[in-house]
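Presented below is the structure to which this report refers.
The values are calculated or read from the model by the stated rules, or taken from the named source; none is laboratory data. Please read all numbers here as calculations on a predicted model, not as lab measurements. Because the Cβ atoms are built from the backbone with ideal geometry, glycine has one as well, and the counts that use them run over all protein chains shown. Just the protein is used for accessible areas: all its heavy atoms, side chains included, with ligands, DNA and RNA removed. Shrake-Rupley method; radii C 1.70, N 1.55, O 1.52, S 1.80 Å.
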Amino acid sequence: MDIKLTIDGKEIEVPQGTMLLEACRKAGADIPTFCYDPDLKLAGSCRMCVVQPKGWRNLVASCVTPAQNGMVIETESSDVVEARKVVLELMLARHKLTCHTCEKDGECNLQDYCYRYGVTESRFAGKVHNLFKDDSNPFIERDYDKCVMCTRCVRACEEITGARAINVMDRGHHAHIATAYDGSLEDSPCVFCGQCIMVCPVGALSSKIAAGQGKPAQNDKVMTTCTYCGTGCTFELNVKNDKIVGVTSNRDAEWSPVNKGALCVKGRFGWDFVNSPERLTTPLIKENGEFRPASWDEALDLAADKIKAVKEQYGPDSISMFSSARITNEENYLAQKLMRAAIGSNNVDHCARL
Amino acid sequence: MTNSINELENDAKCVFLIGTNTTENHPVIGYKIRQNVLKNGAKLIVADPRRIELAELADVYLPFKPGTDVALFNGMMNVIISEGLADREFIETRTEGYEAMAKVVENYPPEAAAEICGVDAADIIKAARLYAESEASSVCYAMGLTQHTTGTDNVKSCCNLALLTGNLGKPGTGVNPLRGQNNVQGACDMGALPVVFTAYQAVTNDEAREKFEKAWGVKLSGVNGLTLTKTINKAYEGEVKGLIVIGENPMVSDPDLHHVEEALDKLDFLIVQDIFLTETAQKADIVLPGVSFVEKDGTFSNTERRVQRVRKAVSNVGDSRQDWEILCELSTRLGYPMSYNSPEEIFEEIRTLTPSYAGMTYARLEGKGLPWPCPNEDHPGTPFLHKEKFNRGLGLFHAIEYLEPAELPDEEYPIILTTGRSLYHYHTGTMTRKAKGLDEYMPENVVQINTELAKDMNIIDGEVVRVATRRGNIELKAEVIDGIRENVIFTYFHFAEAAANVLTNADVLDPVAGIPEYKVSAARLEKIQ
Ligand code: SF4
Ligand code: SF4
Ligand code: SF4
Ligand code: FES
């Protein structure tokens, strides 16, 4: 059954049970959020998403308040704006403001909302917590001096990956994100999937593999399919100056139908082999047991000559080809076509069985 | 897979994993199965000689002896039949061959099966009931099921189980091989196999051959070709004289590496097209530098048959070339000119010859891709197969007896060695060993040894030991764990410097599929002093 409500003067209808946040967004309101994540259980803890229902005494957190028939909502009233500013100031009070060197610069919710509400400094400032976690793992940087305690990482770790490596430790002012016993990720059930980085709204969690090579907000993004296992996860290659500098998630099921942005350690952190100095850059021909660089014409002519000579002397079935489970469909098609049509043998296989 | 990946998270009420260490080898599928158990209360059955991560969540965990899969399936089916849990209607309307299968299965009461498999009969009974009584049960497997001399039998047994309980053709059911490599499905679909053209059209079928002869304008051979493992053997015997290898590394991935090396040494020529100077490329006469996945356009087909786009993000490295261009150049020089303007143009040709891809275009693949079969441009693709009927009409039961693995432990080699992959590496390590984080996190191979066995042999965690088989031996660190059967040891095959495939057996293959028995070799563990 649908219910009707008015949001910023606009009447809309939503199904019963819809949360106010969704209703507001449907009405075109831009509601800021930290702890809300469409794929995770609701936390309702950051209070950034507050809105004002007419006639109610208090502002409500829209992400956890069901819409009711007849409600009249204001999403940017002066009370709402003031409340959101307080939330931001409290966050700034314990935030290491190093935006210039932060990987999240340009797509950070805290930065964006401070800009939007003109919050430059905090009335509550003073306490530096020193929560940076010196974690020797090669994949994930954990700088909790930038953490806003939204707990999205904790929920993603549990509800997407199921690793339960991290949780909230201690209460109140001392609350922070930690593994059991506050140790390193390597000594926890962490599987380095990086789902926590994917959901973190600020720069508290970031990729060590991509660090310093280009801020994701400034990189070009190209959607592609993972080159490792057969699951077929898709992700965004981050490109800067014609170089791969990182991998980020696209959480839209239309573009990431299998994994919805979730990845494993190989997909998220295993891409840098493409930049290895050991990549082959020129054809090679072996002479007297040693390779020497060759031109394409020379190498291809020699390859063709060798194939032709063997085919002439021993027939086409004396030649075999191993195509590859790594290369594309188009390339596999051409490989078997070459073997069958140009050489004349069905001796083509790949390592499906290995 | 007969069914789609997301059904494992949303639709399956019971998931039966056999021979798949899903959270390490298909991590994202592993997450989904785990969430289905945790959030929706799906039942989970795990059969694996190693206590894999998902075993911790399992309702039944069967640490069965490597290579006894058929006995396990037959035991479960025996319970299902004798307890009246079979889906009679499905069997009558959609299958044939039931009687012969049931007759064989009679010989495997749970106690007998349990004896062969080295597990409790009560657990076989419990697993059988869970699988048969759940509303939708899905069985998933990987190389743990197939890399045996009886691999084909194992897969057929798996199908028997699904047919017996009607667990096919519906969401959340199916027989679901989880394929280990990004485009192994696509390579098969594209006819990179010795017996078929694209879409599994047999090279021995006159009609199929005529179709391709017409399209390609050339006479084609109707003789089945050599599989990969046979090629190596024939090269060793001197019958195969020339080999072209594209993006594969048999010098690490194939069984019995000493044998592989000798075979490659005998060739008149070896041409390797790759992105790194792999162990195999080092043996080549000519090396042709192709490009990596970030430098190319094209498509991959994942394990659920979904064809998805791969997109070029950066330029070729140095003077390397697009793999499709290299193939065109080579073919042209061989007197069979090939020329295309783009991978999309190649795809257009593919779909005219490949019925299951006929309805796909790059434009249609743009967002979330399409799972085949997709026979025409209005077809939405097929998330799960066999809805109303099987390809052959009726689903066929196979009567299958348990056969022992080819190489059983004996006095000299008393332990079973089994091999596989780690979460942190991929196949022969050509890529992951050059990924900084992955190689730093897991820089070397280990052999997993049961605590009791280690205690008996006085081996401590981290100590370097020697593993020997009839083929050879390697030295590597011991990882002493509880979660592995006592007389089984496990090692990874990613590491060229301590290569597991020095140890594995190339002599015995599955007679149908030609798969080597990577999961069972008789081995000996030695202390080094
Ligand atoms: S990397 Fe994955 S497993 Fe590790 S803490 Fe983050 S979400 Fe959890
Ligand atoms: S680390 Fe990031 S995701 Fe986790 S609680 Fe802090 S801000 Fe939120
Ligand atoms: S990200 Fe991990 S699970 Fe996904 S396709 Fe790549 S290797 Fe497989
Ligand atoms: S987003 Fe609603 S309370 Fe955090």
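Some points to look at:
- For the stretch B:296-389, the dipole from Cβ point charges (+1 on Lys and Arg, -1 on Asp and Glu) about the Cα centre works out to 380 debye, to the nearest 20.
- Chain A, relative contact order [Cα under 8 Å, separation at least 6], %: 10 percent
- Here's how it looks for B:Thr95: its modeled amide H is under 5 Å from those of B:Gly395, which are all 5 or more places away or on a different chain.
- A straight line joining the Cα centroids of the stretch B:259-326 and the stretch A:273-308 runs 12 Å.
- Put a plus charge on the Cβ of each Lys and Arg, a minus charge on the Cβ of each Asp and Glu, and nothing anywhere else: the dipole of the protein assembly as shown about its Cα centre is then about 2160 debye.
- Relative counts (whole %) of C-alpha pair distances in the stretch B:260-340, using bins that are 5 Å wide: 3, 13, 17, 18, 18, 17, 10, 4, 0
- Debye intensity ratio I(q)/I(0), log10, the stretch A:2-76, q values 0.26, 0.27 Å⁻¹ (C-alpha model): -1.28, -1.37
- Here the stretch B:415-527 yields Rg over Rh of 0.97, to two decimals, using C-alpha coordinates and the Kirkwood radius.
- Helix A:296-314 and the longest principal axis of the C-alpha atoms of chain A enclose an angle of approximately 50°.
- Cut-off 13 Å between beta-carbons: net charge of the residues surrounding B:Ala86, Lys and Arg +1, Asp and Glu -1: -3
- The sum of -39500 (n - 2.57) across all DSSP H runs of n ≥ 4, divided by the residue count of the protein assembly as shown, sets its helix-only mean residue ellipticity at 222 nm to -7500 deg cm²/dmol.
- Where Rh is the Kirkwood radius over Cα pairs, Rg/Rh for chain A: 1.13
- Qualifying chymotrypsin sites (Phe, Trp or Tyr not before Pro) in the stretch A:23-123, DSSP loop, other Cβ atoms within 10 Å at most 15: A:Trp56
- Between the C-alpha center of the stretch B:22-45 and that of the stretch B:374-407 there is a gap of 24 Å.
- Residues in the stretch B:184-371 average 32 Å² of solvent-accessible surface per residue, probe 1.4 Å, ligands and nucleic acids excluded.
- The simple Förster model, with R0 at 35 Å and r as the Cβ-Cβ distance, assigns B:Glu344 and B:Ala202 a FRET efficiency of 0.80.
- Taking every Cα-Cα distance in the stretch A:230-348 and sorting them into 10 Å bins from zero, the calculated P(r) comes out as 11, 24, 29, 21, 13, 1 percent.
- Since only A:Gln195, A:Pro216, A:Pro257 are under comparison, the one whose Cα sits farthest along the positive direction of the charge dipole of the stretch A:122-275, derived from C-beta charges on Lys, Arg, Asp and Glu, is A:Pro216.
- Candidates per trypsin sites (Lys or Arg not before Pro) in the stretch A:37-101, loop by DSSP, up to 16 other Cβ within 10 Å: A:Lys41, A:Lys54, A:Arg57
- Per-residue 3J(HN,Hα) values for the stretch B:165-170, derived from phi via the Karplus relation 6.51 cos²θ - 1.76 cosθ + 1.60 with θ = phi - 60°, read 10, x, 8, 8, x, 9 Hz in sequence order (x marks Gly and Pro).
- If you run the Gaussian network model on chain A, springs between alpha carbon atoms under 10 Å, then out of A:Arg152, A:Arg340, A:Arg164 the most flexible one is A:Arg340.
- When the P(r) of the stretch B:43-101 is calculated, the portion above 19 Å amounts to 46% of the C-alpha pairs.
- Positive-end ranking of B:Thr146, B:Ala435, A:Pro283 along the dipole of the protein assembly as shown, with charges on Cβ about the Cα centre, is headed by B:Ala435.
- Listed by chain and number, the lysines placed with their C-alpha closer than 22 angstrom to that of A:Lys286 are A:Lys306, A:Lys308, A:Lys311, B:Lys241, B:Lys266, B:Lys283; residues fewer than eight positions away on the same chain are left out.
- In loop segments of the stretch B:305-388 as defined by DSSP, the GluC sites (Glu not before Pro) with at most 14 further C-beta atoms inside 10 Å of their C-beta are B:Glu366, B:Glu377, B:Glu388.
- Between helix A:78-93 and chain A there is an angle of about 60 degrees, using the helix long axis and the longest principal axis of the Cα atoms.
- Inter-chain Cβ neighbour count for A:259-268, averaged per residue, equals 5 (cutoff 10 Å, partner chain atoms only).
- Computed 3J(HN,Hα) for the stretch A:210-221, one whole-Hz value per residue from the Karplus formula 6.51 cos²θ - 1.76 cosθ + 1.60 where θ = phi - 60°, is 8, 3, x, 9, x, 6, x, 4, 9, 7, 6, 10, glycine and proline marked x.
- Furthest towards positive pole of dipole, B:Gly41, B:Phe73, B:Ala100, structure part the stretch B:34-101, Cβ charges: B:Gly41
- The orientation-averaged projection of the convex hull spanning the C-alpha atoms of the stretch B:7-178 amounts to 8.6 square nanometres.
- Relative contact order [Cα under 8 Å, 6+ residues apart], the stretch A:284-353, whole percent: 26 percent
- Residue-averaged beta-carbon neighbours from other chains (10 angstrom radius) around B:337-344: 2
- Within chain B, the percentage of alpha carbon pairs spaced more than 45 angstrom apart rounds to 14%.
- For chain A, the share of accessible area belonging to carbon and sulfur comes to 48 percent (1.4 Å probe, ligands and nucleic acids excluded).
- Whichever aspartates and glutamates have a C-alpha closer than 12 Å to that of A:Lys215, once near sequence neighbours (fewer than 8 apart) are set aside: A:Glu103, A:Asp105, A:Glu107
- Look at the stretch B:418-430: the mean tally of other chain Cβ atoms within 10 Å of its residues' Cβ atoms is 3.
- DSSP beta bridges in the stretch B:415-527 [antiparallel fraction, %, rounded to 5]: 60 percent
- Span from the the stretch B:433-487 Cα centroid across to the the stretch A:320-354 one, whole angstrom: 36 Å
- Overall Cα dimensions of the stretch A:284-353 - principal axes, largest extent first, Å: 34, 30, 22
- Springs between Cα atoms under 10 Å define the GNM used for chain A, and in it the highest mean-square fluctuation of A:Thr328, A:Thr224, A:Thr234 occurs at A:Thr328.
- Charge dipole magnitude, Cβ of K and R +1, D and E -1 - the stretch B:333-461, Cα centre, debye nearest 20: 740 debye
- Using C-alpha pairs under 8 Å with a sequence gap of at least 6, the mean separation divided by the residue count of chain B gives a relative contact order of 17 percent.
- Distribution of pairwise C-alpha distances over the protein assembly as shown, 10 Å bins, in %: 2, 12, 20, 24, 20, 13, 7, 2, 0, 0
- Above-threshold pairs, the threshold being 32 Å between Cα atoms, out of A:Lys10/A:Lys85; B:Lys234/B:Lys296; A:Lys266/B:Lys387: B:Lys234/B:Lys296; A:Lys266/B:Lys387
- Virtual spin-label span in nm between A:Ala211 and B:Thr451, 7 Å along Cα→Cβ: 3.6 nm
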